[in-house]
Structures are given as structure tokens and as C-alpha cells.
Amino acid sequence: MSAAAAAADDPARLFLDYYGQAAQWLPDQRTTAPAPDLVFDDLARAILGGDDPQTVATELAALVDAKKCDPAHRRGRVLAAMRAIDDAFYRIHPRAVATTASGPPPRWLADARFARTSTGAYATTDNDRLIARGPLQRAPRHLYASSGDLLSDYFAALAVAPLELEHDGRRITVTMTVIGFDPFRGVPLGSDPGAEIVGFLPLARERADIQAVINDRGGRGFASYGPGATFDAGAAALEGLRALGAADIAIMPELSLSEDHVAALATALGGEAGPIARLIVAGSYSTNARSDGDQPWNECRVLNAKGFELWRQRKLWPAGVVQANATRFGLPDPGPDTLTLEDNAGGEELVVADVDGLGRCVVLICQDCEMPVLAPTLFSAYQPDWVFTPIFDCTIDRGRWAHARAFGLSQLSQARCVAVTNMAYGGTGANMGIAVGPKEVADSHADEVDRAVALVQKPAPPLPLVATLTWRDGTWEQTWLEARRA
């Protein structure tokens, strides 16, 4: 028995130990590893049916090392043990709870389920956590989705994900939370997975609805964005939510509200009697709190239909605009070679929320989608169901950055990406929202296309400034890359 395997005190940690070993093998060493005989699989399943976590881990590790064999055969036994553990965990995976055999799980598995409910993970090491493999509501990526051997795609129920992600040399802490079905403090069940209704609320319609001013910091101009002095963005949000009705998701744009507006919205939702979206991505705002550098953070608050706060997400990578966009937003001309940065501090934490009634959800505020290392690692390791992106821009179009980035990331997971921007700078016919699906849909839905994209257009007055789309329903297009003569 290896020293690492001997130290494992439950099947979750044994899986982490073996995963660490298997990740060091060459791809061909995994693909050519001989599978043990069926007796091994039967014995592994029987061992995993035991109750005591340490006994189960010890006996399974002893089974792997019961035979003196060459390295290739031992690799096969390790992989078989990992698959057996993965099969056992599938009994408590959110994706399969309703379809697996009835009957209580063994005690060690029930303990693992409780650990995930309270911490988001089944087990944690100094660098990684063992989590339920995403997506939580739909089928995972195919084993060969990467067109190569990828260890993480071997498993349906388990994934090993880093505790921190990297951006430009700094570490971003990943915090997990699990949100239950409670209609008052969680998110109740709604539409069938894959047929969710998404509502878009851009809030600002007129140029006066958005205020953009320059603040001097050390001799450099930073742009502060927010709702105009005469625009009650909180009231507009409540009106829009009422117009949307019983959507599954409602999303609002970046920096179109104030923190006080969001607080007022949350309070008002507590008294609403009509249907309201199950999960509300209430845009983002500049916080009243200040950083050590005296800057606010750019923060998004996620609410349920009752206005209860589910989690908050601060923007990780403050963005800037070039000369043309600065002029468009009513800012002083910074000159051709200057980037006018937003006057917000960078966040240090990314929240991954496992919403039992909706799936694994992440908020990436505007520029955060463009993080060159963090975003792909997030998609690959955490395999979210949903990525919500509040944006501050003039419009969202085919081929522009939001579409291009979401499509580029779509090959890494089964995530569905949803973004919205304000319409203060968008003219007639401008698009206020976009939804992008995975490059290859793992579920067998004949009516859902691969590389799906749908644009949401600004409605003309006097219609409410809201719109909805339903996944797999209506007119969806496919994203295509093509070359045109310059």
C-alpha cells in the first residue's frame, strides 16, 4: 500500500490520494493501463457498501495493493478503485438523486453528503477540494469531449478543483456555498433542467439614467459609473421583475444600480405577492464600503424571489475603456493612448454557488470573463451549470467580445452563459442580452443545438424594458467561425 493511500481515512480522501497519483501519469499510461478482472469490481463495490469510513478506505486500498504487479497493472487497479468510488458517490449527486435506487446510503456516504451541504465539498486538502462534478442539473461532458485523454472527464460524480485560481500572478480564493430548496432562504424547484426561462432587465433606457464622472487619483482619471441622479433604478428593477413574472432567472446589468437601490429592492420583494423570478442576479453597484486605497468595490448581489440575499460577488479585474468608448460614455477625452479605468478596487474571492434548485452558478462581472487563466480554469475545474455576466456596454452583438469569449469557453464545460447590458447608450434595435450554450450538448435534446446563441433585443417603447427567452424554445442560432475578405 502506498503511504498516501494508507493515510486516507475515508473514501473521499482516498479518491483525492489516487487522483494525485493518476494526474502525474502520462496520458498513454492511463489509456493503456489494463483493467482488473470483474472480481475486483465486485469486491470494490462490496467494500464501499460498508459503514465505517476508515475501514472502507483501508480495505479498498488493501484491495488495490493485494497483488504484487507491475506499474501498468497497478495503474489499472487504481483507476478501477477510483471509478468504484465515483459510482458510489453518484447515489448522492444532485444530478442523480431522483433517479438512483432507493434506500439509505452507507454511513460514510451520508457523512460525505452532510459535509458537502455544510462546506460545498466532500473533502479538502491544502490545495484542492473534492466536489460534486458539474453540471449539477444536466449530463456532464462526454469522456472524450477534449479529443484526448483528460483525467477529470473519467468521472461522472466527482471532480477535484483548486481552492485558489490564478490571475496575473495573484491568487483568487474560491469559496463554495450550497443553497437549498427553501423558498424563503433558498431557491425552489422550477422549470425542467434545460428548459429554464431567463429574464433580462437592462434597467437604464435613456442617457440620463446613467451617470459617468471622472475622479482624480494620483493625477490619473478614474471613471465612476452609476445610476443618474433622477433615475430610481431600484423601482425600475421591481417594475421589471413584476413584468417578467415567474421566470427561473432574472439578470440585471453592471453599475446601473446603487447599493441602496439593491437594498430597497430586496426589502420590497419581501412584500411581493405576485410571481417573481426564482433567482435574481441584481446587477452590480459601487459599494458604500471602501478599500484601503479608498475605492469602492464593484459588487453584485444575488437574491431569491423573497429578496433574501443568497451571495455576493465582487468584480475581480476592474476594466477600462479606450478613447472612443470614453467619449461615448460622456467622459472627458483621455487621449488616444490612455485607458480610462473604472474607479473600483479589485475583488479577492470568487463564489461558486451550488443552487440545488438550479445548478452550479457563478457570477463573472464583465471583464472577469476575459481573465486569461482564471476563466478557463474555472470552467474546466468547476464545470458550472450557469455563468451570469452583468455588463456595462452600449450593446451586445454577434461576434463582439461577450459572444466571442462565451463561445471560446463553451468547449470547456456544459455551462450556459447569460449576459445583459444597460440600454442607456443603445439605439433602436440594439441588443441588450445574450445567451450562449455549450459547444457540444451532452444531453440528448433533439431540439437544442450545439454552439447555440440567442440575442435579446431592446423592446421599443411603450413596452416594458424587459425580455425573456426559454432555453430550447424559439429561434436559436448556431455560432460559426468564418473568414471574410478584408
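Each value in this text was obtained by applying a stated rule to the coordinates, not by laboratory testing. It should be emphasised that the depicted structure is a prediction, and the values quoted were computed from it without experimental measurement. Heads up, the Cβs are rebuilt from the backbone with ideal geometry, glycines too, and the neighbour counts pull from every protein chain shown.
Structure summary
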quantity	calculated
Rounded Å value of the spacing that divides the Cα centres of the range 467-486 and the range 360-379	22
Measure of compaction for the range 3-162 (Cα Rg per 2.2 N^0.38 Å)	0.99
Rounded, prolate or oblate (a/c below 1.5 giving rounded, otherwise prolate when a/b exceeds b/c) for the range 137-217 by Cα gyration tensor	oblate
For the range 133-145, 3J(HN,Hα) per residue [Karplus equation, 6.51 cos²θ - 1.76 cosθ + 1.60, θ = phi - 60°, Hz, x = Gly/Pro]	5, x, x, 8, 10, 9, 5, x, 4, 5, 3, 10, 4
Separation of the Ala195 and Asp397 label points, Cα + 7 Å toward Cβ, nm	3.6
Overall form of the range 382-486 per C-alpha gyration tensor (a/c, 1.5; a/b vs b/c)	prolate
Structure-based [θ]222 nm, the chain - -39500 (n - 2.57) summed over DSSP H runs of at least 4, per residue, nearest 500	-7500 deg cm²/dmol
Dipole magnitude of the chain, debye to nearest 20 (Cβ charges: Lys/Arg +1, Asp/Glu -1, about Cα centre)	480
Only Lys, Arg (+1) and Asp, Glu (-1) charged, at Cβ; the range 383-486 dipole about Cα centre in debye	440
Coordinate range along principal axes, alpha carbons of the range 126-281, Å, largest first	56, 50, 30
Förster radius 25 Å - calculated FRET efficiency between Asp126 and Gln24 (Cβ-Cβ, nearest 0.05)	0.90
Three semi-axes of the equivalent ellipsoid, the range 445-486, Cα gyration tensor, whole Å, largest first	26, 19, 5
For the range 1-157, with +1 on Lys and Arg beta carbons and -1 on Asp and Glu, the positive-most of Tyr154, Ala46, Trp25 along the dipole	Tyr154
Segments 329-341, 382-394 sorted - mean Cβ within 10 Å per residue, highest first	382-394, 329-341
Normalised convex hull volume, the range 29-109, alpha-carbon set, Å³ per residue	101
Extended-chain gain in nm, criterion 0.36 nm per residue less alpha-carbon gap, Val213 and Ala442	77.8 nm
Potential extension, Val97-Cys69 segment - 0.36 nm per residue separation minus Cα distance	6.3 nm
P(r) weight above 35 Å for the chain, C-alpha pairs, percent	36
